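Nothing in this text is a laboratory measurement; each read-out follows from the coordinates by a stated rule. None of the values given here were measured: they were computed from a predicted structure. Because the Cβ atoms are built from the backbone with ideal geometry, glycine has one as well, and the counts that use them run over all protein chains shown.
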Amino acid sequence: MGFYTDIVLPRLLDRAMRNEELVGYRRRIAGAAHGRVLEVGIGSGLNLPFYGPGVTSVWIRRALSSGWHRGGRRMTGRCHS
């Protein structure tokens, strides 16, 4: 890949997705999940804190570039890749 794809773009997307207006959507959608969840395009893992106790495991499908996967610090024992 390249510098923009591996370094710049993931940080720009993370910043954009931290928009406070999106928190309500995240809370409502992720909070309603239950059982096993497939998180496609985990990005920086911003949805992970919103999964409730009804979620037994989170399976992660991440992009090919290692720069896209910045969500490792947010993972809990319920996450699998």
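For the pair Leu38 and Tyr4, what calculated FRET efficiency results from E = 1/(1 + (r/R0)^6), where r is the Cβ-Cβ distance and R0 = 30 Å, to the nearest 0.05?
Working from the Cβ atoms, E equals 0.60.
Check which residues have an amide H placed less than 5 Å from Glu39's amide H, if you skip close sequence neighbours.
Residues meeting the criterion, in which the H sits 1.01 Å from N, are Trp59, Ile60, Arg61.
If amide hydrogens are placed 1.01 Å from N in the peptide plane, which non-local residues have theirs closer than 5 Å to the one on Val55?
Here the answer is Gly35, since their amide H atoms fall under 5 Å of that of Val55.
From the phi angles alone, apply the Karplus equation (6.51, -1.76, 1.60; θ = phi - 60°) to the stretch 44-58 and give each ³J(HN,Hα) in whole Hz, x where the residue is Gly or Pro.
Karplus values, whole Hz, x for Gly and Pro: 9, x, 5, 7, 3, x, 8, 6, x, x, x, 8, 8, 7, 10.
Would you mind listing how long the stretch 7-62 runs along its three principal axes, going by Cα atoms, in whole Å with the largest first?
Projected onto the principal axes, the Cα atoms of the stretch 7-62 cover 34, 24, 12 Å.
Please list 34-46, 11-23 highest first by mean number of surrounding beta-carbon atoms within 10 Å per residue.
Order by mean packing, descending: 34-46, 11-23.
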